[in-house]
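This report concerns only the one structure given below.
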Amino acid sequence: MKKAEIQKIKFGTDGWRGLIADDFTFENLRTVAQACADYFNKQFKAPRRIIVGYDTRFLSDKFAQAVAEVLAANGIKVYLSDRPSPTPTTSLNIRLLGLNGGLIITASHNPGRFNGLKIKTQFGSPADQTVTQKVEAFLYKNKVKTISLEEGVKTRKIEVINPIPKYIETVRKYLDLDLLKNCNLKVVAEAMHGAGNSYHGDVLKGTKIKLDTINAEPNPSFEGLKPEPLPHNMPKLMEMMKKGKYDIGVATDGDADRVGAVAPGGRFITPGEIMCLIALHFIENRHWRGALVKNIAGPMLMNKIAKHYNLKFFETPVGFKHIAKLMQRENVLVGGEESGGIGVKNYIPERDGILTGLLLVEMMQQEKKSILALLDDMEKRFGKFRYHRQDVEISMKTREKVVSALFAKLQGKDAKKIFKRKILEVNTRDGMKFIFEDESWLLIRPSGTEPILRVYSEAHTEKEAKCLINIIDKLSKIVT
């Protein structure tokens, strides 16, 4: 096997992703599945049991079947989902069934031309680098073994299951359904044609919440949009919320592990605001305590809430796997990413876009306040911050060169001249983050899953946050 071909398969921030029919092929996927089988067989004693899930992307069901066939041929008992399902559904079933891990066919929020594979550990958490490096080390080591689905089912090496009921039951138990029983809020749920489907309705069954679900039908092209819950990807939801007929709009990404939310009038509620609201809901309404965790691109509000309540606080690199690892060893109340992946206490160390969206509804009902009033209260207590993110497309071939040139221009005294403000700290743990004297900050980092340079900023005003973004936008054009 040529070195160039081997390098096509590389695990990023959250799994392996590639272009369908280019590098994400059945042949390459079976190679990865064999490496995963070799890893699980070495890591665990028999009997080894793995669940395989998938989303609504093109050929995801067939890709999942191919993975199951390879695992089964390697002596691993496989529980294969009988339908597209949210990533947290697979993760939760790992814990409930006491399995050794899981594999999920999904490219999460990537455009429809992508697909991918996520690895989940026996804890239901995303696999970290120590796991993915071991899997990568097995690539092309052994010949791919496979059996047919029919043979796997006949010999009971593959069991086709519906993973949804256990998931719905668990989420219903987590929410305060007694509180929501007589709730008359009007909610619209945006599934983005992904695996979130209409499961919000299944969870809220028996309540008086008026729920409308949009874009629940599978569409592998996602209408030409990215299934990432950001305003420009959700035109229908944004328009519906502008009309003011709903109390809140909630959204999930392609595999439903990320959350988005929109307030009446069409105000987009940032993931940072969502995780902070949920933290306050847990602290003040559920009377829970625990550490707060955000990644390096997370909101300053999280720091302030942790300080106010004298809670432990952690900041991690981008990638929920880092937060999940902390959740396994610390009493974490809320851990979240700016991208909308949020984990919560007394659940699994995993993101769940459906659950976290409905926790906002629970908070509104508990406090008898609109979502805008809750946001306003939080701002008055902990400060006003405005958050922005911009994605700059960048070729994978030139990415390293461009990023190096950009970072070189931002070194030392040059940075002070470029930003025209006092820099308190420069954090290079994941990309390059500048923290300024006025509590504003800017982060530049290449995406771990896409050919994109991500630029994040936060400041006390929209103008200042956009100004910081514009500085890097102009600078990136110079170095390219």
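The values are calculated or read from the model by the stated rules, or taken from the named source; none is laboratory data. Because the structure is predicted, anything quoted here is derived from the model rather than measured. Note that each Cβ is placed from the backbone with ideal geometry, even for glycine, and that neighbours are counted across all protein chains shown.
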message = Please go through (1) assigned to a strand (DSSP E or B); (2) of a type outside the set (A, V, I, L, M); (3) at pLDDT below 95 for Gly249 and return the number of the only condition it doesn't satisfy.
response = (3)
Within segment 439-469, considering residues that are polar (S, T, N, Q), at pLDDT 90 or above and in contact with a His (Cβ under 9 Å, 6 or more places away or on another chain), the one farthest from Asp128 (Cα to Cα) = Ser440
query = What is the one condition in (1) of a type outside the set (A, V, I, L, M, F, W, C); (2) in a helix (DSSP H, G or I); (3) more than 19 Å from Lys145 (Cα to Cα); (4) in contact with a helix residue (DSSP H, G or I) (Cβ under 8 Å, 6 or more places away or on another chain) that Gly53 does not satisfy?
reply = (2)
query = So which residues in segment 290-303 are buried (at least 18 other Cβ atoms within 10 Å of the Cβ) and either among the β-branched types (Val, Ile, Thr) or not in a strand (DSSP E or B) (or both)?
reply = Gly290, Val293, Ile296, Ala297, Gly298, Pro299, Met300, Leu301, Met302
remark   = Residue set Ser85, Ser125; condition farther than 23 Å from Met192 by Cβ, buried (at least 22 other Cβ atoms within 10 Å of the Cβ) and in contact (Cβ under 8 Å) with a residue 24 or more places away in the chain; output residue Ser125
key: Cross-chain or 6+ apart pairs with Cβ under 7 Å, segment 54-82 first and assigned by TED's automatic domain parsing to the domain that holds Phe26 and at pLDDT 95 or above, then among the acidic types (Asp, Glu) and in a helix (DSSP H, G or I)   = Tyr54/Asp61
ask   = surrounded by 20 or more Cβ atoms within 10 Å (Cβ to Cβ), among the polar types (S, T, N, Q), in contact (Cβ under 8 Å) with a residue 60 or more places away in the chain and under 19 Å from Arg445 (Cβ atoms) - does that describe any residue in segment 330-343?
value = yes
request  = Inspect all residues belonging to segment 213-231 and state whether any of them is in the same structural domain as Asp352 (by TED's automatic domain parsing), at positive phi and free of Cβ contacts under 8 Å to residues at least 40 places away in the same chain.
outcome  = yes
message = Restricting to segment 312-336, name every residue that is assigned to a loop (DSSP other than H, G, I, E, B) and either in the same structural domain as Gly12 (by TED's automatic domain parsing) or modelled with pLDDT under 95 (or both).
response = Pro317, Val318, Gly319
inquiry  = Looking at Gly18, Gly53 in this structure, which one is over 22 Å from Leu355 (Cα atoms) and not hydrophobic (A, V, I, L, M, F, W, C)?
reply    = Gly18
task = Look through segment 377-391, keep the residues that are surrounded by fewer than 19 Cβ atoms within 10 Å (Cβ to Cβ) and under 16 Å from Cys467 (Cα atoms), and return whichever of them is modelled with the lowest pLDDT.
result = Asp391
request  = At least 2 residues that are within 23 Å of the chain's Cα centre (by Cα) in each: list the strands (runs of 3 or more DSSP E) lying fully within segment 84-181 that qualify.
outcome  = 101-105, 114-120
request  = Give me the pairs, please: first residue somewhere in segment 419-446 and among the aromatic types (Phe, Trp, Tyr), second residue anywhere and in a loop (DSSP other than H, G, I, E, B), beta-carbon distance under 8 Å, and either six or more positions apart or on two chains.
outcome  = Phe434/Leu410; Phe436/Arg421; Phe436/Lys422
inquiry  = Looking at segment 278-314 only, could you name the residues that are among the basic types (Lys, Arg) and within 21 Å of Gly353 (Cβ to Cβ)?
reply    = Arg286, Lys294
key: Matching helices (runs of 4 or more DSSP H) fully within segment 361-480 where at least 3 residues are farther than 27 Å from Ile274 by Cβ   = 399-409, 412-419, 462-479
task = Would you mention how many residues in segment 312-325 are touching a residue at least 24 places away in the same chain (Cβ under 8 Å) and surrounded by 18 or more Cβ atoms within 10 Å (Cβ to Cβ)?
result = 8
key: Failed criterion for Arg429 (all others in (1) at pLDDT 90 or above; (2) not assigned by TED's automatic domain parsing to the domain that holds Lys294 hold)   = (1)
task = Of the numbered conditions (1) surrounded by 23 or more Cβ atoms within 10 Å (Cβ to Cβ); (2) farther than 20 Å from Asn295 by Cβ, Thr213 fails exactly one; give the number of that condition.
result = (1)
note = Among the residues of segment 241-262, the number that are surrounded by fewer than 22 Cβ atoms within 10 Å (Cβ to Cβ) and in contact with a strand residue (DSSP E or B) (Cβ under 6 Å, 6 or more places away or on another chain) is 1
task = Go through the residues of segment 407-430 one by one and say whether even a single one is small (Gly, Ala, Ser) and surrounded by fewer than 13 Cβ atoms within 10 Å (Cβ to Cβ).
result = yes
message = With the requirement that a residue be more than 15 Å from Arg57 (Cβ to Cβ) and surrounded by fewer than 24 Cβ atoms within 10 Å (Cβ to Cβ), what does segment 93-118 give you?
response = Arg95, Leu96, Leu97, Gly98, Leu99, Asn100
task = Could you please find all residues in segment 128-139 being surrounded by fewer than 20 Cβ atoms within 10 Å (Cβ to Cβ) and touching a Phe, Trp or Tyr at 6+ places or on another chain (Cβ under 7 Å)?
result = Lys134, Glu136, Phe138
task = Scan segment 56-69 residue by residue and report those that are in a helix (DSSP H, G or I) and under 19 Å from the mean Cα position of the chain (by Cα).
result = Ser60
